[in-house]
1. Of the residues Arg8, Arg23, Arg73, Arg78, only one is touching a residue at least 40 places away in the same chain (Cβ under 8 Å) and of a type in the set (D, E, K, R); which?
2. For Leu120, are the conditions met, namely being farther than 21 Å from Cys164 by Cβ, assigned to a helix (DSSP H, G or I) and either open to solvent by 10 Å² or more (accessible area, probe 1.4 Å) or at pLDDT below 90 (or both)?
3. Residues Gly163, Gly178, Gly140, Gly199: which one is at positive phi and open to solvent by 30 Å² or more (accessible area, probe 1.4 Å)?
4. Mind listing whichever residues of the stretch 413-423 are open to solvent by 50 Å² or more (accessible area, probe 1.4 Å) and either among the acidic types (Asp, Glu) or not in a strand (DSSP E or B) (or both)?
5. Go through (1) more than 14 Å from Thr15 (Cα to Cα); (2) under 27 Å from the mean Cα position of the chain (by Cα); (3) basic (Lys, Arg) one by one and return the number of the condition Lys67 breaks.
6. Test Ile71 against the stated conditions and say whether it is open to solvent by less than 10 Å² (accessible area, probe 1.4 Å), under 18 Å from Glu125 (Cβ atoms) and not in a helix (DSSP H, G or I).
7. For the stretch 264-279, indicate whether the set of residues that are free of Cβ contacts under 8 Å to residues at least 24 places away in the same chain and within 16 Å of the ligand (Cβ to nearest atom) is non-empty.
8. Checking the conditions here, which among Ile301, Ile333 is at pLDDT 95 or above, assigned by TED's automatic domain parsing to the domain that holds Leu370 and open to solvent by less than 40 Å² (accessible area, probe 1.4 Å)?
Amino acid sequence: MRTKEDIRKKYSILTYGCQMNERDTETIAGLLEKSGYVEAASPEEANLIIFNTCSVRTSAENKVYGKLGEIKRLKKARPDLLVGFGGCMAQMEEVRKKLGEGGVVDIIFGTHNLHELPRLVEKAEAGVERPVIDVWPEAGDIVEGLPARRTGGVSAFVNIMFGCNNFCSYCIVPFTRGRERSRKPSDIIDEVKDLVQQGVKEVTLLGQNVNSYGKGLEPETDFASLLELVNEIPGLERIRFTTSHPRDVSERLLSTIASCRKVCEHIHAPLQAGSNRILKAMNRGYTREYYLDLVHKMREIVPGVAVTTDLIVGFPGESDRDFEDTIDMVKRIRFDAAFTFMYSPRSGTKAARLSDQVPLEVKKERLLQLNEIQYNIALEANRRFEGKDVEVLVEGPSKTNPRKLTGRTRTNRIVVFEGKPDLAGRLVMVRVREAKTFTLLGEAVEG
Ligand code: SF4
């Protein structure tokens, strides 16, 4: 017998890219569920498939185009299947043109008008026009109070601001996400309190550059003040944040991180390159000397802080000497972890127009060399925890080994450990038995 759930329209969302997109997906799901849709077990079962895309790297875009090819076959078999396309790629005119030619996509919406999705879906369902396109070139006022289907269990993402004013020469984000806009502290606090009511113990405050939070608000405020407010929320155990632009990390912010008990000792500050010449070409607004000094201050003011970073190899014009400067910074700073990437040109950015692009083979070689060095450093950093007890917020069963539990330390290290399943959602002490490059292995300490 068919149940009510069987007859309701089903959606499936394919999410690419960063945590901002993961958070947007929660809103998209919330909006669709308010419109009567339920989540499908797989895209094959859905009546509506939404792509929430990322344009930060070519590889992310290629994945999207590959998946669209698969969906095209699905749509051939089921012509009534609706396909929506949103996220950063949808903000780009060339992408919209390309999609118009393919004929798979029924709805195109942008990053600035997520809240309009139900109306666009309704239009597409009515079949009046195809594709239904509504992409705002610029952001309007922040729309508060949108429904969200939270999926993170004990942890949740909370946007504190949108957009970016920095215009790093390789980055498309200021064009796809618009200029910086901060949410009011009271709206953020209300959202966090609401999440705590739902059982959330840890929030990650999200923004492209959280350190410039508060500019333009009336009255103007700053990120340190926001951390102090969130730190006061009863029932919340941990506060994380990302991303920090190194140029905007102040000593006041570091002191606040150190003094607020719930704020975790982890700062993700993308260095991107170690050569001053390349940093200038990237328009990053700091030098290697400034960054070295900053990391020194971080470690001095916030005891035990984990410093993680992003690094790009093969930026246009990067010589062997420039690359050696990056390696030198990695060896000096000894990051707890690093996300490493090969530069890929993003059309519409300044760097994509530079003529001295680095050959792919050279980029691959540099990435391998960088990773080998950084992985050894990360392993050594993790080995310091062997034999020690660390506080872990337990997320649930490990994906790779469901008989074990997983969670993260305050310094954002992933821990896989033996423990009773009912520890899920709790803060527990775990004795570390063995350190790996990306994880710590251990067992819960009976208390
Ligand atoms: S700070 Fe630079 S890299 Fe980060 S989102 Fe803004 S422009 Fe892009």
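The values are calculated or read from the model by the stated rules, or taken from the named source; none is laboratory data. None of these values were measured; they are calculated from a predicted model. Here the Cβ is made from the backbone with ideal geometry for all residues, glycine too, and neighbour counts use every protein chain on show. Only protein heavy atoms, including side chains, enter the accessible area calculation; ligands, DNA and RNA are left aside. Shrake-Rupley method; radii C 1.70, N 1.55, O 1.52, S 1.80 Å.
1. Arg23
2. no
3. Gly199
4. If the condition is that a residue be open to solvent by 50 Å² or more (accessible area, probe 1.4 Å) and either among the acidic types (Asp, Glu) or not in a strand (DSSP E or B) (or both), then Glu418, Lys420, Pro421, Asp422 are the ones that fit.
5. Condition not satisfied by Lys67: (1).
6. It is false that Ile71 is open to solvent by less than 10 Å² (accessible area, probe 1.4 Å), under 18 Å from Glu125 (Cβ atoms) and not in a helix (DSSP H, G or I).
7. Yes; the residues of the stretch 264-279 include at least one that is free of Cβ contacts under 8 Å to residues at least 24 places away in the same chain and within 16 Å of the ligand (Cβ to nearest atom).
8. Of the residues listed, the single one that is at pLDDT 95 or above, assigned by TED's automatic domain parsing to the domain that holds Leu370 and open to solvent by less than 40 Å² (accessible area, probe 1.4 Å) is Ile333.
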